[in-house]
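The values are calculated or read from the model by the stated rules, or taken from the named source; none is laboratory data. Every value quoted in this text rests on a predicted model; they were computed, and no experiment measured them. Don't worry about glycine lacking a Cβ; one is built from the backbone with ideal geometry, like all the others, and counts go over all protein chains shown. For accessibility, only protein heavy atoms count, side chains too; no ligands or nucleic acids. Shrake-Rupley method; radii C 1.70, N 1.55, O 1.52, S 1.80 Å.
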Amino acid sequence: MAAEKHTDDYTGIETTGHEWDGIRELNNPLPRWWLWTFYASIVWSIGYWIVMPAWPLVSSYTTGMIDYSSRALVAERIEEARSAQDVYAAKIEGAALSEIQSDPELLEFAMAGGRSAFAVNCSQCHGRGAAGAPGYPNLNDDAWLWGGTLDDIAQTIAYGVRTEHDETRVGNMPAFVSDETLTRDQANDVAEYVLSLGGREHEAAAAGRGSEVFAEHCAACHRAGGVGNTEVGAPNIADGIWLYGDDKETILETVTYGRAGVMPIWADRLSPATIKQLAVYVHALGGGQ
Amino acid sequence: MMDQAASTVTTASTPSPENAVAPGAAAQGVARVEAEAVNKKETRALYQKRVKIFPKRARGTFRRVKWVVMALTLGVYYFVPWLRWDRGPAAPDQAVLIDIPARRFYFFFIEIWPQEVYYLTGLLILAALALFVATSLFGRVWCGYTCPQTVWTDLFLVVERLIEGDRGARIRLDKAAWSGRKIVRRTLKHAIWIAIAILTGGAWVFYFADAPTLLLDLVTFQAPAIAYMAVGGLASTTYVLGGLAREQVCIYMCPWPRIQAAMTDIESLIVTYRGYRGEPRRPHRKAESWEGRGDCIDCNACVAVCPMGIDIRDGSQLECINCGLCIDACDEIMDKVGRPRGLIAYDTFANVERRSMGQSARFSLMRIRPLIYAGLIVVVGSIMLFGLTTRSVLDLNVLRDRNPLFVTLSDGTIRNGYTVKIINKQHETRSFQLDVEGLPGYRINVVGQESGGGLLLTAKADRLASYRVFVSAPRKSLEDESTPIGFVLTDTLDGAQAAYDAVFRGPGS
């Protein structure tokens, strides 16, 4: 406090002795009881240091007397939530996929669980909205390489495509030109024929030659007319949906070098209940059969 | 300096017993009260220890108004949750209910959903404007009559007066050494205060749940923990603020005195000591002449009744809550000494000045500031009323999928996904048909329903229903990347409609 007391002329209140460019601060202190609440909060904070985790040390921290830890608390809450979900998870595990779909309560749980499992495990390749990318199928549409029923989808998720698992989806699009099964001209003819299947612009003569090549080399998997076969993952090549691209160049590339897209085995990483939830979720994206 | 301050306070606050007759007291049964205004400017000091106030009971017009207002406000607070209002089986029958789990606010015939919370904003604006208009006309009457702090402090003072007696008795009891009698009275007082506090907190929770059910649960200890915590929290604040802190809340904690100070002007009616009439003040003996002196006989009756511990004769001050109890006290004295009432009265600065200069006083409600406030109240009130009367009981909300924007199906048609939300504010389940306008050759299907057989979307009573809807259209009917379409929802029974403008995305030409 300043040596000399100074009282403000206008208000008659004493100043604190602080002065900035001639401006003085009035001393309007707190009432005594409020001052005590200030001291009480200081005392409280000391108690808090002792009871609760407070001070950082070199490689740890003071843990306090009651062993409080927000991290442990979160872990506990997550465990609680898990055990609350277990009831549904057990029901899901025991129910057939179609039963899950027809039970509103289970369906809601499966959709919510499927959505988050999809975001964590599937969205990296298939995209957040499951719209896919070249080489990674769009799961919203009604074209399915390996079948679009609930069971088909669950099977594909569980054992993957072209994996080492016995139950895996497997099919083979050979590299017809690299393997010298077809000549470049024959490949060109087949590509023209494929274009004609979708009703698009094509060279009629080449397509005509291509139809014979197709019947001999391709129809075994893609079937006559190119409608595809989900048993071997052969896509329908007569519709508007293309996994790698619908232009002639891409089709030619496929015929020349072959295709062998893969999908991992999820049965090793996800629980059966989660796989069922995912199947229900993907089925409900709009293309399920 | 602090020592100095403390010693000043001690001398200032030494209260004498009630009715001690001061030398020179008026003879007409008017005794000078040895009351010193606790909150006098001269006695305020740094880090001041709180000086207790022992307000004497006042009798008169404004005290009666305060009783009536107290009865009304407490009555409203305690009884409103018990009023019933029939809304059918789908909604609760409590007239005023804030249903937090279901996210509804019920107020008699009004029901508010969370997205309509602007009604609450409007209500708060109206409340603020009403406070402004009242303050600009009549000063801080909110503080003096209706503020919960004032009402409960008044209630607690009634209890204190019943048990410990009026001002003089209370001062004596406070100064007395601890004895059996003092312990009994103090214990009894605080017990009743705590009981009132618990009832106060208890009444609060009834606004948030069905009152009769909750009461039963509360007394049988079946109520949720949060209910007991709310009761406990409000009970403790009521006890501390209304019983113990009292005027300290108004002086040191509340921001309103500062804000309202900005709303009064020289034409606002505030509790005023008419100094031009009262000064020079001096004790008065019977039969003494009133010539050459003021009407104020310096009896301190106004100071003794003041719940804020101020001396109104010091002029308008921040601590004054405009309650008018000093007016009652002074009028009683003026009657006894045979002088006209109104030495202290609700008056304006301007009128005091006019009167002191011998001019006639005038007061008008039609001043520009209150008129502007009143105009704003009418505008806001009309907007709210319009909103309330035209409030729809059916709303449609459509959210289009953004990932993916659209899906090409194997036959070349384009499909968009939408989340359709139907808000049914009626208290009965309704069924709707959903149609799309502006999209030739469209097909629509709802997830979970077989497509084709006439889509029927139902929404339960007073609930929101959410559906995933797929709309597909042949590519040739889409000219642009984005086609404006409209969703139309039609009630299958009464034909009520709700529409929502949306767009249909496609690959473009």
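Pick from the range A:20-41 the residues that are in contact with a strand residue (DSSP E or B) (Cβ under 9 Å, 6 or more places away or on another chain) and modelled with pLDDT of 85 or more: which of them is most open to solvent (accessible area, probe 1.4 Å)? Selected residue: A:ARG24.
Kindly evaluate B:ALA459 against the criterion of being touching a residue at least 40 places away in the same chain (Cβ under 8 Å) and of a type outside the set (Val, Ile, Thr). Here the answer is no, as B:ALA459 does not meet what is asked. For the range B:163-205, a tally of residues being more than 25 Å from B:CYS306 (Cβ to Cβ) and over 31 Å from the mean Cα position of the chain (by Cα) returns 9. Of the numbered criteria (1) within 30 Å of A:ASN138 (Cα to Cα); (2) touching a residue at least 24 places away in the same chain (Cβ under 8 Å); (3) surrounded by fewer than 18 Cβ atoms within 10 Å (Cβ to Cβ), the one B:VAL436 fails is (3). When B:ARG161, B:ARG140, B:ARG172, B:ARG167 are checked against the criterion of being of a type in the set (D, E, K, R) and closer than 30 Å to B:MET263 by Cα, B:ARG140 stands alone in meeting it.
Here B:SER392 clears all of (1) more than 14 Å from every other protein chain (Cβ to nearest Cβ); (2) in contact with a Pro (Cβ under 7 Å, 6 or more places away or on another chain) except the condition numbered (2). The criterion of at least 3 residues that are more than 14 Å from chain B (Cβ to nearest Cβ) and more than 24 Å from A:VAL161 (Cβ to Cβ) is met, among helices (runs of 4 or more DSSP H) falling completely within the range A:182-289, by A:184-197, A:204-217. Among the residues examined, A:HIS202 qualifies as farther than 18 Å from A:ASN172 by Cβ and open to solvent by 50 Å² or more (accessible area, probe 1.4 Å).
Being within 30 Å of B:LYS52 (Cβ to Cβ), in a loop (DSSP other than H, G, I, E, B) and either open to solvent by less than 70 Å² (accessible area, probe 1.4 Å) or at pLDDT 90 or above (or both) narrows it down to one of A:THR11, A:THR16, so name that one.
Matching residue, one of A:THR11, A:THR16: A:THR11.
Just to be sure, is B:LYS40 at pLDDT below 90, open to solvent by 50 Å² or more (accessible area, probe 1.4 Å), basic (Lys, Arg) and in the same structural domain as B:ILE251 (by TED's automatic domain parsing)? No, not satisfied. Regarding A:TRP44, is this residue away from chain B (no Cβ under 14 Å), under 30 Å from B:CYS250 (Cα atoms) and open to solvent by 100 Å² or more (accessible area, probe 1.4 Å)? Taking the combined requirement at face value, the residue satisfies it. Within the range B:398-433, the residues that satisfy the criterion of being closer than 22 Å to B:ASP491 by Cβ, within 14 Å of chain A (Cβ to nearest Cβ) and open to solvent by less than 60 Å² (accessible area, probe 1.4 Å) are B:TYR418, B:THR419. Please indicate, with yes or no, whether at least one residue in the range B:429-437 is closer than 25 Å to A:GLY240 by Cβ and under 52 Å from the mean Cα position of the chain (by Cα). Yes, some residue in the range B:429-437 is closer than 25 Å to A:GLY240 by Cβ and under 52 Å from the mean Cα position of the chain (by Cα). From the list A:LEU182, A:LEU195, the one residue that fits, being of a type in the set (A, V, I, L, M) and under 36 Å from the mean Cα position of the chain (by Cα), is A:LEU195.
Does the range B:380-392 contain any residue that is touching a residue at least 60 places away in the same chain (Cβ under 8 Å), out of contact with any Gly (no Cβ under 6 Å at 6 or more places or on another chain), open to solvent by less than 70 Å² (accessible area, probe 1.4 Å) and under 30 Å from B:VAL469 (Cα atoms)? Checked against the condition, which is being touching a residue at least 60 places away in the same chain (Cβ under 8 Å), out of contact with any Gly (no Cβ under 6 Å at 6 or more places or on another chain), open to solvent by less than 70 Å² (accessible area, probe 1.4 Å) and under 30 Å from B:VAL469 (Cα atoms), the range B:380-392 yields at least one hit.
For the range B:225-242, the criterion of being within 14 Å of chain A (Cβ to nearest Cβ), modelled with pLDDT of 90 or more and out of contact with any strand residue (DSSP E or B) (no Cβ under 6 Å at 6 or more places or on another chain) is met by at least one residue. Checking each residue in the range B:130-184 for being among the charged types (D, E, K, R) and either open to solvent by 30 Å² or more (accessible area, probe 1.4 Å) or part of a helix (DSSP H, G or I) (or both) picks out B:ASP154, B:GLU160, B:ARG161, B:GLU164, B:ASP166, B:ARG167, B:ARG170, B:ARG172, B:ASP174, B:LYS175, B:ARG181, B:LYS182.
Scanning the range B:110-123 for residues that are assigned to a loop (DSSP other than H, G, I, E, B) and surrounded by 15 or more Cβ atoms within 10 Å (Cβ to Cβ) turns up just one, B:TRP113. Residues that are closer than 21 Å to B:ARG468 by Cα and of a type in the set (Val, Ile, Thr) were ranked within the range A:98-152; the one that is farthest from the other protein chains (Cβ to nearest Cβ) is A:THR149.
Residues considered: B:ILE198, B:ILE251, B:ILE270. Of these, the only one that is more than 30 Å from B:SER364 (Cα to Cα), modelled with pLDDT of 90 or more and not aromatic (Phe, Trp, Tyr) is B:ILE198. In the range B:73-88 there is at least one residue that is modelled with pLDDT under 90, surrounded by 12 or more Cβ atoms within 10 Å (Cβ to Cβ) and away from chain A (no Cβ under 14 Å). Of all residue pairs spaced 6 or more apart or on separate chains, those with beta-carbon atoms under 8 Å, a first member in the range A:3-24 that is free of Cβ contacts under 8 Å to residues at least 24 places away in the same chain and more than 14 Å from every other protein chain (Cβ to nearest Cβ) and a second member that is assigned to a loop (DSSP other than H, G, I, E, B) and acidic (Asp, Glu) are A:ARG24/A:ASP8.
Cβ-Cβ contacts under 7 Å between residues 6 or more apart (or on different chains), taken from a first residue in the range A:85-99 that is among the hydrophobic types (A, V, I, L, M, F, W, C) to a second residue that is assigned to a helix (DSSP H, G or I) and open to solvent by 90 Å² or more (accessible area, probe 1.4 Å), are listed as A:LEU97/A:ASP151.
The single residue among A:ALA154, A:ALA133 that is assigned by TED's automatic domain parsing to the domain that holds A:GLY114, free of Cβ contacts under 8 Å to residues at least 40 places away in the same chain and not polar (S, T, N, Q) turns out to be A:ALA133. Helices (runs of 4 or more DSSP H) fully within the range B:255-305 that include at least 3 residues being touching a residue at least 24 places away in the same chain (Cβ under 8 Å) and either open to solvent by 50 Å² or more (accessible area, probe 1.4 Å) or charged (D, E, K, R) (or both): B:256-261. For the range B:89-109, residues that are over 15 Å from B:TYR207 (Cβ atoms) and open to solvent by less than 60 Å² (accessible area, probe 1.4 Å) total 2.
Give B:ARG84, B:ARG103, B:ARG63 a once-over and let me know the one that is in the same structural domain as B:TYR207 (by TED's automatic domain parsing) and touching a residue at least 60 places away in the same chain (Cβ under 8 Å).
Criteria check complete, one pass: B:ARG63.
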